[in-house]
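The numbers here are math on the coordinates, done by the rules we state, and not lab data. Quantities reported herein were computed from a predicted structural model and do not represent experimental measurements. Every residue, glycine among them, receives a Cβ derived from its backbone with ideal geometry; neighbour counts consider all protein chains shown.
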Amino acid sequence: MQDVELLMPAGNLEKLEYAVRYGADAVYLGAVDFSLRAMRKGSLITTDNLKQAVDLAHSLGAKAYVTINIFAFNNDIKQLELSLERFKDAKPDAFIISDYGIFNLIKRNIPDVPVHISTQTNTLNYESVKFWRDLGASRVILARELPIADIAEIRRQVPDIELECFIHGAQCVSFSGRCLLSDYFSKGERKANHGNCSQPCRWSYKLVEETRPGEYLEINQDTRGSHILSPKDLCLVKQLPQLIDAGVDSFKVEGRTKSLYYVSAVAKTYRQAIDEVLKNPSADTDKYFHELLKVGNRGYTTGFALGDNNGESYSYDISKGLAGADFLCEFQAREADCHEKYYLVKIKNKMLLGDEVEIITPDEQFTAVVEGIKNEDGEDLPLGNTNDDVYVKFSKTPKNYKYALVRTVGIKTPV
């Protein structure tokens with residue numbers, strides 16, 4: 001079997017580093033204004049620090065792909081023309097593009113950097129892949145709507161181009177992410193195809209018959225209404241052997257707006273799964289599926305991969321992801337002045353003295369007990385509250401605490 005790439009989202013500089021530390025071969029990142037995910041917090045990636053982000057990925061041994069995948073109006077093209085030198089200076093490993101005009105601009109002004117064709121171009125067949133190859137693209141990110149059998153046929157028909165597909169993460173009720181609901185519901189203020197989606201496919205809906213205004217009919221027996229437009233999250237960890245055999249070069253995880261914990265835990269799981277499947281194509285991947293239940297999800301589906309996408313692929317009763325384990329804290333430092341084995345941590349969700357927890361690092365995963373919690377004055381505490389910086393003693397500690405994360409034990413993963 002061939003080598004394959006694990007491609008993780010990098011919503012900001014911190015998530016970029018954690019994604020690579022936890023196993024990503026490459027990251028994709030977007031500068032504000034030219035990307036389909038507009039981040040709201042953290043060390044945002046802009047044209048000012050784009051080179052810093054790409055250099056960080058390279059220093060960690062990973063590739064960095066820069067997304068310029070908005071559908072561009074004239075003003076966007078003019079703004080991009082003013083930013084071309086910064087994109088060129090950043091020296092990314094590829095640009096991810098969906099708009100034909102942006103494709104022309106990049107190929108004309110930065111010809112030495114490869115171009116990857118975004119999933120938003122709705123590439124579904126081998127003739128489309130040949131079209132992009134002949135225009136000079138080095139990779140096509142296939143539409144989520146493709147069954148694995150079709151991917152395999154595309155590979156047979158077009159062996160001389162890289163193929164990328166999504167294997168995990170949230171899905172839109174749209175065709176390859178090309179959605180207008182947000183634009184309409186926000187009166188143009190939240191444009192989905194300009195990185196500012198308000199996610200109306202996660203809202204609750206009720207049915208109204210036009211001759212009976214005000215009479216709201218329940219679509220199912222749920223007083224909260226029904227989330228009829230909200231697809232479950234994609235999870236293809238069990239299908240990795242088939243996807244590798246079909247000739248996929250890069251496996252992509254959605255989630256630039258997801259948490260640091262999400263990016264780290266998902267990267268770790270898929271890194272382990274891919275490595276095992278490459279060594280043994282008949283490996284049992286159930287344990288990795290159970291690991292992925294520990295991160296936020298709306299229920300999992302295989303989507304179109306097996307050719308049987310149906311009503312079971314929609315999450316009718318929830319809009320927000322539910323996690324099988326809660327992210328409790330992030331290690332920050334070891335404090336020499338404190339008692340032995342106390343670590344400074346940032347609390348993300350309330351953590352109690354005596355809790356059994358699971359600690360994950362890029363290299364380890366084990367359970368431990370919270371044996372002590374202190375404040376900065378060295379006073380004992382019964383718990384650590386959300387957003388507090390406290391010192392914690394665990395019954396077992398990682399060999400390297402840097403990048404270590406702590407979560408509840410949650411769903412037990414079968415051995």
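Quick notes on this structure:
- Spin-label model, residue 85/residue 186: points 7 Å from Cα along the beta carbon direction are separated by 3.2 nm.
- Per-pair calculated FRET efficiency, R0 = 22 Å: residue 58 and residue 346 via Cβ, rounded to 0.05: 0.20
- Spacing of the two label points (7 Å from each Cα toward its C-beta) at residue 369 and residue 322, in nm: 3.0 nm
- Highest-first arrangement of 377-383, 263-269, 142-148, where packing means the average Cβ count within 10 Å: 263-269, 142-148, 377-383
- For region 28-177, the fraction of alpha-carbon pairs in successive 5 Å shells from zero, as %: 2, 9, 19, 21, 20, 16, 10, 4, 0
- Diffusion coefficient, µm² s⁻¹, Stokes-Einstein with Kirkwood Rh over alpha-carbon pairs of region 324-415 at 4 °C and 1.567 mPa s: 100 µm²/s
- For a modelled paramagnetic label at residue 3, 7 Å from Cα along Cα-to-Cβ, the residues of region 268-282 in reach, with backbone nitrogen under 14 Å, are 275.
- Unit Cα scatterers, Debye sum, region 47-105: log10 I(q)/I(0) for q = 0.24 Å⁻¹: -0.98
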